[in-house]
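Notes follow the structure.
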Amino acid sequence: MSPPSYVKKFDSGELQSCAEKARKILRCCTLCPRRCRVDRLQKKLGICRTGALARVYSYSPHFGEESPLVGSNGSGTIFFSSCNLGCVFCQNYEISHLGEGVEAGPGQLAAIMLKLQEQGCHNINFVTPSHVVPQILDALVEAVPLGLNLPLVYNSSGYDSVETLRLLDGIIDIYMPDFKFWKKESARKFTNAADYPEAAQKTVAEMFRQVGDLRIDDQGIATGGLLVRHLVMPDCLDETKAILTFLAKLSKRTYTNIMDQYRPCGKAFEFPQLGRMISKEEHDTALSYARDVGLTRLDRKDWSRFLGRH
Ligand code: SF4
């Protein structure tokens, strides 16, 4: 198997130059669509409340991700603290909103990646990476000469900026964004980011431009491409339909995980609409929308109902 393209970019010096460009953005941070313009290198904090160093909540081989990422040995997840989007219903509220976690410099982050590789993980899975792209790139510059060669997964909320994603072109192997809301009003109410729908469309389109449809090897392991997650929300099926239509227009082969596990967490109970789980009927309707718009690759656990077997 040929080495990931980020290894070649390290050899040519391009990885180092992307890391340098990204680090400069921290001086007046416009890394994500929030565009806070704070100097994070001088400990000024924007909406993500993260300064010059990334904070890590946890890291481990993880078996709860989509099957092409998990394989037999797990996906090597690194959970970053804080978040640039901040959904009110976040299942990981303590990590995303309260910022629980420990600061890790580039050397420590590189050591974490190498440990996950030693543990046999099939990939390095950066969870909530949008606000720490420069820190990830700095860590890769340290990890590659020490032997890191696993595919890299960028597992974001979909609230990314195209300019920042361009720095990751040829470095990230697998993009795994969420696509949460289609309507500005929902995004404003639940994330205070009315521009989320527009940003997410641009994000997913740019990710697809870079990596194309998900590729899976003969062992069932993802080697590159795009995998999109959509969490079905209470009373939001019209948005689900619009999002699936958008994904099908991008490519009928967009690998899509239509998730049914919404439950009220964080501050969800402050919003009457969010105070319940979704029904089986709602999830089934979402799956039927996927079929109607022509999507052909749903995450495996969805296939039986997608095909109408029960
Ligand atoms: S990464 Fe953080 S500081 Fe930078 S623009 Fe986004 S929310 Fe603001």
### Message
I want to verify a result. In a Gaussian network model of the chain, Cα cutoff 10 Å, which of these has the top mean-square fluctuation: Ile221, Ile258, Ile124?
### Response
Ile221
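Please list Lys9, Lys241 in order of solvent-accessible area, largest first, computed with a 1.4 Å probe with all protein chains present. Write out the running numbers ahead of the final one.
Numbers: Lys9 40, Lys241 100 Å².
Correct descending sequence by accessible area is Lys241, Lys9.
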### Message
Probe radius 1.4 Å, ligands and nucleic acids left out: which of Tyr57, Tyr196, Tyr93 has the largest accessible area, and how do the rest follow?
### Response
Tyr57, Tyr93, Tyr196
### Query
How far, in degrees from 0 to 90, does helix 14-25 lean away from the longest principal axis of the Cα atoms of the chain, to the nearest 10?
80
### Query
When N is the residue count of the range 157-290, what does its C-alpha Rg come to as a fraction of 2.2 N^0.38 Å?
1.08
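Suppose every Lys and Arg Cβ carries +1 and every Asp and Glu Cβ carries -1, with no other charges. What dipole size does the chain come out with about its Cα centre, to the nearest 20 debye? Walk me through the numbers before you get to the answer.
Details: 39 positive and 35 negative charges, 138 e Å.
Roughly 660 debye for the chain.
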### Task
State the antiparallel share, in %, of DSSP beta bridges confined to the range 191-259, rounding to the nearest 5.
25
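Relative contact order for the range 5-299: what percent, with Cα pairs under 8 Å and sequence separation of 6 or more? Write out the running numbers ahead of the final one.
Working: 616 pairs, mean separation 47.8, N = 295.
The normalised contact order for the range 5-299 reaches 16 percent.
Just for the chain, what percent of DSSP beta bridges are antiparallel, to the closest 5?
On the way: 11 of 31 bridges.
Here the antiparallel bridges make up roughly 35 percent for the chain.
For Val141, Val127, give me the order by solvent-accessible area with a 1.4 Å probe, most accessible first, ignoring ligands, DNA and RNA.
Numbers: Val141 40, Val127 15 Å².
Sorted descending by solvent-accessible area, the residues read Val141, Val127.
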### Task
Quick one: grab the alpha carbon gyration tensor of the chain, order the square roots of its eigenvalues as a ≥ b ≥ c, and give me rounded if a/c is under 1.5, else prolate or oblate depending on whether a/b is larger than b/c.
oblate
### Task
Might you work out the accessible area of Leu250 for me, using a 1.4 Å probe with all protein chains in place, and round it to the nearest 10 Å²?
40
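Where in the range 26-59 are there trypsin sites (Lys or Arg not before Pro) that are in a DSSP coil and have at most 16 other Cβ atoms within 10 angstrom of their Cβ? Provide the component values of the computation, followed by the final result.
Details: sites: Arg27, Arg34, Arg35, Arg37, Arg40, Lys43, Lys44, Arg49, Arg55; in loops: Arg34, Arg35, Arg37, Lys43, Lys44, Arg49.
Within the range 26-59, the qualifying trypsin sites (Lys or Arg not before Pro) (loop, at most 16 other Cβ atoms within 10 Å) are Arg35, Arg37, Lys43, Lys44, Arg49.
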### Message
Please list, by residue number, every one of the chymotrypsin sites (Phe, Trp or Tyr not before Pro) in the range 108-181 that is coil in DSSP and has at most 16 other beta-carbon atoms within 10 Å.
### Response
none
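The values are calculated or read from the model by the stated rules, or taken from the named source; none is laboratory data. Computed from a predicted model, the values in this text were never measured in an experiment. Methodologically, a virtual Cβ is constructed for each residue, glycine included, from the backbone with ideal geometry; neighbour enumeration extends over all protein chains shown. Side chains included, ligands, DNA and RNA excluded: accessible areas come from the protein's heavy atoms. Shrake-Rupley method; radii C 1.70, N 1.55, O 1.52, S 1.80 Å.
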